[in-house]
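The values are calculated or read from the model by the stated rules, or taken from the named source; none is laboratory data. Not measured: the values here are computed from a predicted model. Positions of Cβ are generated from backbone atoms using ideal geometry, with glycine treated the same way; all protein chains shown enter the neighbour counts. Surface areas here come from the heavy atoms of the whole protein model, side chains and all, with no ligands, DNA or RNA. Shrake-Rupley method; radii C 1.70, N 1.55, O 1.52, S 1.80 Å.
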Amino acid sequence: MYVTRHSEITDRSLIERLWQLYRRSYLPVAQEVPTHEMLDRGEFDDQLRSASNRLWVAWDDDQPVGMTLVSTDIRSTRWLSTEYFAKHFPDHLREGRVHYVVWVTVDPAHQARGSMTLLARQALAAEARDG
């Protein structure tokens, strides 16, 4: 297994493959909880195309088996309050050091194979080094 980093994805074939991974991973959650936890297709595609997002993908040969999306601009998400970070972490916000893990997901068939650990070691460690 290996990990790749992507930004501003426009390759329709890759987006489709990643959507299928996302859907396989989140559908069981969406079916069991009453809250809206899963992005719709348009939201998903927008996240992958955004220049302010970094997508890290874990691969098993040529198959995507896990991914994490990190936003480097919290103003682009509706889930975080810019005002909160401006008040409590003004230097971090001003310097662009507030990042947001939008999702971490692993194909259910690969959960026990170390995909999550690989993503954490490589992707999240690289994000931490960036501040």
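In this simple spin-label approximation, ALA30 and ARG129 carry label points 7 Å from Cα along the Cα→Cβ vector, and these lie 3.5 nm apart.
Solvent-accessible area per residue in the chain equals 58 Å², computed with a 1.4 angstrom probe and all protein chains kept.
About its Cα centre, the dipole of segment 29-131 is roughly 400 debye, where the only charges are +1 on Lys and Arg Cβ and -1 on Asp and Glu Cβ. Of the solvent-accessible surface of the chain, computed with a 1.4 Å probe over protein heavy atoms with every protein chain present, carbon and sulfur atoms account for 50 percent. In the chain, the longest principal axis of the Cα atoms and the axis of helix 12-32 are about 90 degrees apart. In segment 1-41, which GluC sites (Glu not before Pro) fall in coil by DSSP and have 13 or fewer other Cβ atoms within 10 Å? Taking segment 1-41 and a limit of 13 other Cβ atoms within 10 Å, the loop GluC sites (Glu not before Pro) found are GLU8, GLU37. Taking N as the residue count of the chain, its C-alpha radius of gyration divided by 2.2 N^0.38 Å amounts to 1.08.
Along the Cα-to-Cβ line of HIS6, 7 Å from the Cα, sits a label point; which residues in segment 37-60 have backbone N less than 14 Å from it? Backbone N within reach: 44-51, 53-60.
The stretch between ASP61 and ILE15 holds 14.8 nm of extra length on full extension. This uses 0.36 nm per residue minus the Cα-Cα distance. The modelled label-to-label distance for the pair TRP79/ALA109, using points 7 Å beyond Cα in the direction of Cβ, is 2.6 nm. Look at the alpha carbon pairs under 8 Å that are at least 6 residues apart: their mean separation over the length of the chain gives a relative contact order of 29 percent. Each stretch of four or more DSSP H residues adds -39500 (n - 2.57); spread over every residue of the chain, this sum gives -11000 deg cm²/dmol at 222 nm. On a C-alpha basis, how far is the centre of segment 29-78 from the centre of segment 116-131 in Å? Whole number, if you could? Spelled out, the Cα-based centre of one part sits 16 Å from the other.
Please go through segment 9-89 and write out the trypsin sites (Lys or Arg not before Pro) that DSSP classes as loop and that have at most 16 other C-beta atoms within 10 Å. Write out the running numbers ahead of the final one.
On the way: sites: ARG12, ARG17, ARG23, ARG24, ARG41, ARG49, ARG54, ARG75, ARG78, LYS87; in loops: ARG78.
Here the sparse-neighbourhood loop sites are ARG78.
Specify, per residue and in Å³, the volume enclosed by the convex hull of the alpha carbon atoms belonging to segment 59-103.
On the way: hull volume 3.7 nm³, N = 45.
It comes to 82 Å³ per residue, whole-number rounded.
Taking all protein chains as they are arranged and a probe of 1.4 Å, the heavy atoms of VAL29 leave approximately 60 Å² accessible to solvent.
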